[in-house]
Structures are given as C-alpha cells and as structure tokens.
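Taken together, the values in this text are just the output of simple stated rules run on the coordinates, not laboratory data. Small disclaimer: the values here were computed from a predicted structure and weren't measured. Counting neighbours? That spans all protein chains shown, and the Cβs are built from the backbone with ideal geometry, glycine included.
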C-alpha cells in the first residue's frame, strides 16, 4: 500500500505531514524505491528499451512433480499415487487428470520435468534470485526483479519495474518480496499486497493538498537541512517535479483496481479466496492476484512475482498429499490458463514470460501419513509465453521419479532463459557489488539459456 501519511511520529510540518511520512514520499516507500535515483537512471539511459516482462508464480512449499506433470504409472503403488494421467493437445504428452485446462492448451506451455540444483530449503530465495543463500557476497545476492530494475529501469513513468504481490505469511521465507541485496534499496520490489488487500491509496491525503507545490518545495527545503549524509534524498531537488508526477500518477492504482475488469473475465480467472490455503501460514489460492499481475505488466511493470498457495503436503493431520492436490490443482489450472489466454488475446504473449515453480520436489515414496516429504533431487517447472517454443516437455526422470535421467535443467538455466527473454545477455551484462566488483548475473561459464525454448 502506498503510504503518504505515517503514524504518530515527531517532526510534523506546518500542514500536518510528518518528517517520516515525507521521507517516504521523497525516498518513496515503494519497497524502498528511491524516486530521484530511479528518475536519474532513466534520464541517463536516454532511450527506454521495449517492454518485456516476467510473471513468476512461486508455489510455496514445493509442489509434487510426480502428481502434476510426471506421473509414474509403472512404479510401485507406494510411489505411483492416486491420480491418473490424461492426454494433452501435444501428442505423446500426458499430465495429471486434475489439470485438464492446461492439458487442453498444452501447446501453449512447456514443462520441465528434470529441474535440479535445489538448495533444499523451505525458502523462495533461490526461485527469486537463482542463487543459493549460503556464501553470499556482502549485501547479499539481488533478486531477479532487482537485477532487471537495475539494468532496465522503469518501462513507463509512474510504474516501478519490480513488484511483488506476495501477501504476508507466518512462514516469512515464502513471503519474500525479493531482496535487492548489494544493489541497494532503490531496486527493492514494491509490495502493495502485504495486507492481502491489493490496494494502493493516498491514505487520507487529498490530491489537492498534495498538489500544493509551494508547500512541497518548503518541505524539501526543510528536509534538506535536516537529513544527514545517508543519501536517501540526495539530489531530489533536481528531480522533484518528476518525482511529484510519479507519486501522483494513477497508473498503479488503476492497474490494481480489478473492478475495472469485465466480471466475466474475473470469473474466467476464478477469483479465488483471500483465506490461507493450508494450515495457518500459507498464501491464498487467490487467482485475482494473477489477473492483477497481467494488469501490472500491461501498465509497464517488468517483473511481477507472487507466492501462491501452500504445497508442503506431508500428510495427516493436515490432509494427505492427494487431498490437498485435489483442492489446489484445479484452482491453479484455471488461473494459469486464464492468464496465458488473456495475454495471448491482448497480443502480449510474445513479450510476457510466465513461470510457475517451487523450491523443490517431493519424495517418490508416499509416507505413512499419506504425504510426500521434501525432495531437492529433482523438481518441475511450467513455462509459457515470452516468444518461447512451447508445446514440449524438457527432460525426464527415472522410473521412480527420483532423479533426472535425461537433460537435467539447473535453476540457473531457467534464469538465463528469463534474462534472454528480456533481451539481457548473460555473457555480457554485469552488476557491481558493494566493493565495485562486476558480477555476472548467473554462473554463465556453466549455464546458458535453454536452447529448447529459443
């Protein structure tokens, strides 16, 4: 939520705006996005790049690969599970019976059955950054969205390049917005959904009052005298008029106003629920977040990430792996196919990459409680759009779904593909860490974009 008025803090200006709140306007509490830095970078860039975007859907907890896209019907019963495979629109490719809409449109998707390299932690960190969380450089690895923010900047004035729609969760590692790491707070994701309300408001500040340019200049002068050398608003005077325009822009608010959408389209997405989709600490199965993601990339956002549902299904007393899958899979099936169809109908499918994945897979053997446990050896991913070659399966696992048998695909290969889809060359592009050392975006000496998707 864009907050222009703060709580009870000392140091109020004559019109009632307190110092902390105005710092939020000048440094902008859009996940720490610094407007002067953003606008200065945009000015230095000269010409903006054409907009390519990524929507990343994180399945919190680790989805069961062998019950979704890699069913093992010849395996023993304690491995095979309860679901049947169904044919898809791609000859020879079968997926779970509870994903019928994806099956009908399989030509629009590519499935990776052999995702490897998982760190094995209950954490979205690797899915957001491409790196393991151990042995990070000073400041930490930046998330994918933060890197794109740094390298590409905003596509449209009034829209930040990097947004997280993940709601707050008790399991905070699933609700990460994507750290900016050593790139600094200017590239942190804007997170308008921590309340779960998907809202952007002025919190009682009228545009008329905000439009008092004289008061704005006066406040800037006061702040300039008070602020230390932290750099939070350094150089704001040169860019304050542009910053004012961005802060008062209605672009983001309109993008998050789902009431502007046709109710029939909202029904097609499935709407969903704001209630936790699990046992107390999960994200919701809220398909309107997927619709909001489409609206955001249409408004100019380059990277949208969101956490979706709870996929950590160990079994009783929280329901078996299969009971939970019967609940989650049809909702995901409806929302993802609606998103891909929506992008295609709007002519955005070549420019917007959709990625659905989790932090690891699940154990081949079903445990005594009817669940599947953590399995970092192999996992799955679903991709669509982005101008990629779809209608295919990449890689395979052995008969029991224990490990990659053919064409293991590393997490960093997926990130290399995402960067390629955005027009970023992983063999050339670098970002400087806190010591000034140029860092490549991934370990490009080992991992390159997936040629299968080119």
*Determine, at each q value in 0.17, 0.29, 0.30, 0.31 (inverse angstroms), the log₁₀ of I(q)/I(0) that the Debye formula gives when each Cα of the range 408-454 is one equal point scatterer.*
-0.47, -1.06, -1.11, -1.15
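Can you pull a Stokes-Einstein diffusion coefficient for the range 316-393 at 20 °C (1.002 mPa s), Rh from Kirkwood over Cα pairs, as a whole number of µm²/s? Numbers along the way, then the final one.
Details: Rh = 14.6 Å.
The estimated diffusion coefficient comes to 147 µm²/s.
Rounded, prolate or oblate for the range 281-415? Axes are the square roots of the Cα gyration tensor eigenvalues, ordered a ≥ b ≥ c, and the cut-off for rounded is a/c under 1.5. All intermediate terms of the calculation are to be shown ahead of the outcome.
Details: a/c = 2.41, a/b = 1.41, b/c = 1.71.
Because a/c hits 1.5 or more and a/b fails to exceed b/c, the range 281-415 counts as oblate.
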_C-alpha center-to-center spacing [the range 413-446, the range 364-386] in angstrom_ = 28
*Which distance in Å, rounded to a whole number, links the C-alpha centroids of the range 253-273 and the range 108-186?*
26
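Under the definition of Cα pairs under 8 Å and six or more residues apart, what whole-number percent is the relative contact order of the range 256-321? Write out the running numbers ahead of the final one.
Details: 68 pairs, mean separation 18.7, N = 66.
In percent, rounded to a whole number, it is 28.
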*Expressed in nm², what is the orientationally averaged projection area of the convex hull enclosing the Cα positions of the range 69-148?*
7.9
*Could you tell me the largest-minus-smallest coordinate of the C-alpha atoms of the range 79-211 on each of the three principal axes, in descending order and whole angstroms?*
61, 41, 32
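Which order do the peptides 154-163, 345-354, 71-80 come out in when sorted by mean C-beta neighbours inside 10 angstrom, highest first?
154-163, 345-354, 71-80
If the convex hull of the alpha-carbon atoms of the range 250-299 is projected onto planes in all directions, what is the mean projected area in square nanometres? Could you put the intermediate results ahead of the total?
Values: hull surface 15.1 nm².
With the hull built on Cα positions only, its mean projection is 3.8 nm².
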*Cα pair distances of the range 361-419 binned at 5 Å [whole percent]*: 4, 15, 22, 22, 16, 11, 6, 3, 1
*In vacuum, with every alpha carbon of the range 309-356 counted as one equal point scatterer, what does the Debye formula give for log10 I(q)/I(0) at q = 0.33 Å⁻¹? Two decimals, please.*
-1.15
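For the range 335-454, what class follows from the C-alpha gyration tensor (a ≥ b ≥ c being the square roots of its eigenvalues): rounded when a/c is under 1.5, otherwise prolate if a/b is larger than b/c, else oblate? Kindly include the intermediate steps, with their values, before the conclusion.
On the way: a/c = 2.03, a/b = 1.27, b/c = 1.60.
Here the range 335-454 falls in the oblate category.
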